[in-house]
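The values are calculated or read from the model by the stated rules, or taken from the named source; none is laboratory data. Computed from a predicted model, the values in this text were never measured in an experiment. We place every Cβ from the backbone using ideal geometry, glycine too, and count neighbours over all the protein chains shown. We work out accessible area using only protein heavy atoms, side chains counted, and drop any ligands, DNA or RNA first. Shrake-Rupley method; radii C 1.70, N 1.55, O 1.52, S 1.80 Å.
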Amino acid sequence: MEITGTGIGQGVAVGRVVRMADRLPEPVDRPSHLDPEREIERAKASLSVVAAELGRRGAQAGGAAKDVLEAQAMMAEDPSVVDEITKRLATGKTAERAVFEAFASYRDLLASMGGYMGERAADLDDISQRVIAHLLKLPAPGVPNPGHPFVLVARDLAPADTATLDLDQVLGLVTVDGGPTSHTAILAREKSIVAVVGAADAATLADGDTIIVDAANDLVVAQPTPEQIAGAEARIAERAALEAAPVTPGALADGTPVPLLANLGSADGAAEAVQLGAEGVGLFRTEFLFLDADTAPSVREQQEHYTRLLAAFAGRKVVVRVLDAGADKPLSFLNDAPEENPALGLRGIRALRHSEVILREQLTALAAADAATDAELWVMAPMVATVDETRYFTTLAKELGIRVAGVMVETPSAALIADRVLAACDFASIGTNDLTQYTMAADRLLGTVANLQSPWHPAVLRLIADVGAAGAELGKPVGICGEAAADPLLAVVLVGLGATSLSMSPSALADVRASLARYSPDDAKALARAALAAEGAAEAKQAAQAAATEITTTRAAAS
Amino acid sequence: MVERTVRIGSTHGLHARPAKLFTQAAAASGASVTIQKTGGAPVNAASILAVISQGIDHGDEVTITVDGGDEGAVLDELVELLSTDHDE
């Protein structure tokens, strides 16, 4: 049986299913058949097991996660919670129900306070689920650890789950919900895990089933035949050989260079990116320095990290994006106000302009790191919608010693007036994930509208073409740093639309490099024209594919 | 029983890590400790949830009471913790 979804990357995996336990239902409020003393013993035993488990995970995780998990362990055995539970048990409730209600009362209190306290409300839900699962002798919700390599099947993965996932054991990921830009998808790309997301029918897969996860074909094969398994294994071997091929700079068939850069989230990934052939960094996300922090990190702390990053790319280009907070990654010290539509709210450059001191500190740290190293530092602002914002950012960046300052094109407005935006800065980098979300008016975190989230849509391609044309006119670089650049065929289309460099997860570099080398600049333009003229995303992909096949077969016939 | 009033030193108030450190110290002291935000009711200082749900911010005044054990030393230690800026 074939289950369709959205494949991440070009890989394929074969393995046994381990399901991530679903959330537990709310315990029924019925009288306990045990006496309250016995129930409180049960509750306390489970609380202490969960606290010990959280403490152990904290010690294992280290760093900022350690503080968070230790605080959670304390919450699990909090005397106020124990009081609340005892009070409820005295009225004859079950331990499960009393635990549920006690945590829920604190959760509601904290949620109503918003900000940092509001975020802790979700922690309490998680602790409550763990304690109730232990009382019911059910598997704890969260990431399983079966002790053998497995394919993880989940509804979706939260960042907290992915942080504790033992990646060495994960052969593949399949999620029922989640689109191509969900956390699961991003993790899969970053760590080169074969994944199919948004596979609604994967809910029917059972623990122990052997399945094929075929990301290249957007498929999960349940109950595969021995032939199918053999075919998948041959492809796994083929890809391993491709990855072992020598690394050359990105270029089209005629030698026209298309620098292939890496998207990185921390300096730790730099060495691996270089090894996989990254010619620099096209998108360095700085959020991790700020997430899990209650305050912005100091200038010195930031400078140390940026210096480490730049030192790894001596003589090469490194494009750093200043803090992109808001929407799916809120930071309490930047924006505390709850918003109805956070994706359309105070985020990116808007939030930074609102808290300019944070932007100033970050730019100062970056300029200092640049001065101390030999890399070529470019800095860009996220979520720019106007020429005014462009000018604000570039002026401030130059004032603080940044030599090359540009903007991300993620909003249709910035793309539509790309000529004027580019005139006010040094370069543009197109963030295709957000550009797709805003062009299609489809929340990138919502599985139900995942069908609208394809960067192949001609409306999105049209905007990219406009930016490309403006860049060519003004002689300014236009990079792509969204996940679209990691799709080997779409990468060719993007170059045809005027992209001058492509940045992606390092794991995608080999496939994209091999794909670009098959086409001339005219071929790339032909593919782009075919895709632009299509009616929709699927048709655009088919049209580009057909044009590509025609080019390669004609060439094979001629030679 | 001893008590003292102190101003919160941490830039972001008694949340997150500072709250964890304070609650850990209160629980480890073995004494019965309460914390009261000026104008609020005293709560168990060994309960991290009770402490963070007081919404105590930087510069707020809180009163600490310690009952039992080496009261004076415990009080000194807790006051020191609260007046230090752990967010630096």
(message) Filter segment A:242-275 down to the residues that are in a loop (DSSP other than H, G, I, E, B), out of contact with any strand residue (DSSP E or B) (no Cβ under 7 Å at 6 or more places or on another chain) and crowded, with 19+ Cβ neighbours inside 10 Å and list them by number.
(response) A:L252
(request) Within segment A:171-186, identify whether any single residue is open to solvent by 10 Å² or more (accessible area, probe 1.4 Å), under 26 Å from A:T436 (Cα atoms), assigned to a strand (DSSP E or B) and modelled with pLDDT of 90 or more, and answer yes or no. (result) no
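Does at least one position in segment B:70-79 carry a residue that is part of a loop (DSSP other than H, G, I, E, B), within 14 Å of another protein chain (Cβ to nearest Cβ) and acidic (D, E)?
No.
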(request) Of all residues in segment A:486-503, count the ones that are at pLDDT 95 or above, under 21 Å from A:G269 (Cα atoms) and not hydroxyl-bearing (S, T, Y). (result) 1
(request) Six or more apart or on different chains, Cβ under 9 Å: which pairs go from a residue in segment A:393-417 that's part of a loop (DSSP other than H, G, I, E, B) to one that's surrounded by fewer than 15 Cβ atoms within 10 Å (Cβ to Cβ)? Could you list them? (result) A:G401/A:A371
(message) Please count how many residues of segment B:22-37 are outside any strand (DSSP E or B) and more than 9 Å from every other protein chain (Cβ to nearest Cβ).
(response) 7
(request) Return the only residue of A:I211, A:I236 being farther than 18 Å from A:P506 by Cα, more than 23 Å from the chain's Cα centre (by Cα) and crowded, with 22+ Cβ neighbours inside 10 Å. (result) A:I211
(message) Take residues that are among the polar types (S, T, N, Q) and touching a residue at least 40 places away in the same chain (Cβ under 8 Å) and tell me which of the helices (runs of 4 or more DSSP H) falling wholly in segment A:15-134 contain 1 or more.
(response) A:36-61, A:63-76, A:79-89
(request) Considering only segment A:87-106, state which residues are over 38 Å from the mean Cα position of the chain (by Cα) and within 14 Å of A:A45 (Cβ to Cβ). (result) A:L89, A:A95
(message) Given the criterion more than 14 Å from chain B (Cβ to nearest Cβ) and surrounded by fewer than 18 Cβ atoms within 10 Å (Cβ to Cβ), identify the matching residue among A:V18, A:V49, A:V14.
(response) A:V49
(request) Just one of (1) touching a residue at least 24 places away in the same chain (Cβ under 8 Å); (2) over 19 Å from A:A470 (Cβ atoms); (3) under 21 Å from the mean Cα position of the chain (by Cα) trips up A:D434, so point out which. (result) (2)
(request) Sort out which residues of segment A:276-309 are under 27 Å from A:T432 (Cβ atoms), open to solvent by 10 Å² or more (accessible area, probe 1.4 Å), at pLDDT 90 or above and in a helix (DSSP H, G or I), and write them in order of number. (result) A:H305
